[in-house]
1. Can you pull a Stokes-Einstein diffusion coefficient for region 72-143 at 37 °C (0.692 mPa s), Rh from Kirkwood over Cα pairs, as a whole number of µm²/s?
2. Under 13 Å from the Cβ of ARG128, count the other residues' Cβ atoms, weight Lys and Arg +1, Asp and Glu -1, and hand me the total.
3. Can you tell me the dipole magnitude for the chain around its Cα centre, using point charges on the Cβ only (Lys, Arg +1; Asp, Glu -1), in Debye to the nearest 20?
4. Find how many whole Å separate the alpha carbon centroid of region 106-125 from the alpha carbon centroid of region 22-73.
5. With viscosity set to 0.890 mPa s and temperature to 25 °C, compute the Stokes-Einstein D of region 46-96, Rh being the Kirkwood radius across alpha carbon pairs; µm²/s, no decimals.
6. Among residues other than LEU144 whose Cβ falls under 14 Å from its Cβ, what is the net charge (Lys/Arg +1, Asp/Glu -1)?
7. Residues with beta-carbon under 12 Å from that of HIS95, excluding HIS95: net charge, scoring Lys, Arg +1 and Asp, Glu -1?
8. Let me check I have the definition right: for region 1-145, take the eigenvalues of the Cα gyration tensor, multiply each by 5, take square roots. What are those semi-axes in whole Å, largest first?
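Any read-out appearing in this document is the output of simple, stated calculations on the displayed coordinates, not a laboratory observation. Bear in mind that the values here come from a model prediction, so they are computed numbers and not experimental data. Here the Cβ is made from the backbone with ideal geometry for all residues, glycine too, and neighbour counts use every protein chain on show.
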Amino acid sequence: MALLLYGVSLYLQRDMVTGQAPVLSGITIDGGKFALNTAQTEPTLVYFWGTWCPVCRVTSPMVETISHNHRVISVAVASGSDSEIQTFMDEHQYHFPVLNDDSGTQSALWGAMAFPAIYVIDTQGNIRYVTSGVTSTWGMKFRLWLAQF
């Protein structure tokens, strides 16, 4: 069973970009500016998700927890207008920053085809870890810690 789950995981991650992180910048749904830089002071968790995604409803509370102590940017894919996404965020008491990717352009650039898709970017702007589907808070924290070295 473990091998089957591992195989499914690899299949879901097949299109996810590795190496240097693609450009990710824009105005968040609350009007703030965000830019993922190649030289950062701390690792960043990039979280592609959707308000329509049932697995994201399990993962998003963990991303919220991570965002209290780590740099996080999320990209809401095909989730409606900024105000609709903000309403969703308010209803679930999420406070992590969100870029709206209603067109799917950013998710395609990053190869995020299965949701949620999570990337850990190191301080040099390289993608160190990718995962899709359910993951744990401890798993994300551990990957962010490892990305410091």
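1. This corresponds to a translational diffusion coefficient of 245 µm²/s.
2. -1
3. That gives the chain a dipole magnitude of about 540 debye.
4. Here the answer is 10 Å between Cα centres.
5. In µm²/s, the coefficient is 223.
6. Taking every Cβ under 14 Å from that of LEU144, the sum is +2.
7. With Lys, Arg at +1 and Asp, Glu at -1, the net is -3.
8. Value: 21, 18, 15 Å, ordered largest first.
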